[in-house]
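Engineer: Got a structure for you, questions after.
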Amino acid sequence: MAITYDWTILTCDHEVATGGINVVHWRCTASETVGSGDDAVTYTASSCNTVRLTPDPSSPDFVPYADVTEAQAQSWVWDGVSQADTEAVLAANIENQKNPTEASGNPWAS
């Protein structure tokens, strides 16, 4: 099965006086299920971060807090964060879970 990605806007910080959003908090979660039925294993990886914005209330493109849609906030995130690079890092994490190159433990405690 292919990896699926879920981008979520967690919250937006804004200036009370102007309604301009200055920080968007986001998370991207990747998941892939391998196998089926009782043998299915789901691998997940996620990344959370923020994107800082500089709202300008005098700009014709200004959108006040009350009018911002989730899609608009997501587009601001993708303006500041590479969607492709973020998803590639998460895919590599899942691949490493499926095919680890390192392990830890104590050899005497099998």
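Engineer: Can you confirm whether ALA17 is free of Cβ contacts under 8 Å to residues at least 40 places away in the same chain, among the aliphatic types (A, V, I, L, M) and within 30 Å of PRO100 (Cα to Cα)?
Structural biologist: Numbers: free of Cβ contacts under 8 Å to residues at least 40 places away in the same chain: yes; among the aliphatic types (A, V, I, L, M): yes; within 30 Å of PRO100 (Cα to Cα): no.
Against the criterion (free of Cβ contacts under 8 Å to residues at least 40 places away in the same chain, among the aliphatic types (A, V, I, L, M) and within 30 Å of PRO100 (Cα to Cα)), ALA17 does not qualify.
Engineer: Please identify the pairs in which a residue from the range 39-61 that is under 21 Å from THR11 (Cα atoms) has its Cβ atom under 7 Å from the Cβ atom of a residue that is loosely packed, with under 11 Cβ neighbours inside 10 Å, counting only partners at least 6 apart or on another chain.
Structural biologist: Nothing qualifies.
Engineer: Quick one: count up the residues across the range 1-20 that are within 30 Å of PRO55 (Cβ to Cβ) and either among the charged types (D, E, K, R) or surrounded by 13 or more Cβ atoms within 10 Å (Cβ to Cβ) (or both). Spell out the reasoning first.
Structural biologist: Keep residues of the range 1-20 that are within 30 Å of PRO55 (Cβ to Cβ), which gives 5-20.
Filter once more, keeping what is either among the charged types (D, E, K, R) or surrounded by 13 or more Cβ atoms within 10 Å (Cβ to Cβ) (or both): 5-9, 12-15, 18-20.
Result for the range 1-20: 12.
Engineer: Any idea which of VAL89, VAL77 is surrounded by 11 or more Cβ atoms within 10 Å (Cβ to Cβ), touching a residue at least 60 places away in the same chain (Cβ under 8 Å) and either part of a helix (DSSP H, G or I) or of a type in the set (Gly, Ala, Ser) (or both)?
Structural biologist: Working: VAL89 fails: touching a residue at least 60 places away in the same chain (Cβ under 8 Å).
Among VAL89, VAL77, only VAL77 is surrounded by 11 or more Cβ atoms within 10 Å (Cβ to Cβ), touching a residue at least 60 places away in the same chain (Cβ under 8 Å) and either part of a helix (DSSP H, G or I) or of a type in the set (Gly, Ala, Ser) (or both).
Matching residues to (1) of a type in the set (Phe, Trp, Tyr); (2) surrounded by 10 or more Cβ atoms within 10 Å (Cβ to Cβ); (3) at pLDDT 95 or above; (4) farther than 17 Å from ASN99 by Cβ:
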position	(1), (2), (3), (4)
ASN22	no, yes, yes, yes
HIS25	no, yes, yes, yes
CYS28	no, yes, yes, yes
GLY37	no, no, no, yes
THR42	no, yes, yes, no
SER47	no, yes, yes, yes
LEU53	no, yes, yes, yes
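Engineer: Considering only residues that are farther than 18 Å from TYR43 by Cβ and not aliphatic (A, V, I, L, M), look in the range 93-110 and name the one that is nearest to the chain's Cα centre (by Cα). If you could, list the steps in order and put the result at the bottom.
Structural biologist: Let us first name the residues in the range 93-110 that are farther than 18 Å from TYR43 by Cβ, namely 104-110.
Those still in the list that are not aliphatic (A, V, I, L, M) too: 104-108, 110.
Details: SER104: 28, GLY105: 31, ASN106: 34, PRO107: 37, TRP108: 39, SER110: 37 Å.
Selected residue: SER104.
The values are calculated or read from the model by the stated rules, or taken from the named source; none is laboratory data. Just so it is clear, the model here is predicted, and its values are computed rather than measured. Heads up, the Cβs are rebuilt from the backbone with ideal geometry, glycines too, and the neighbour counts pull from every protein chain shown.
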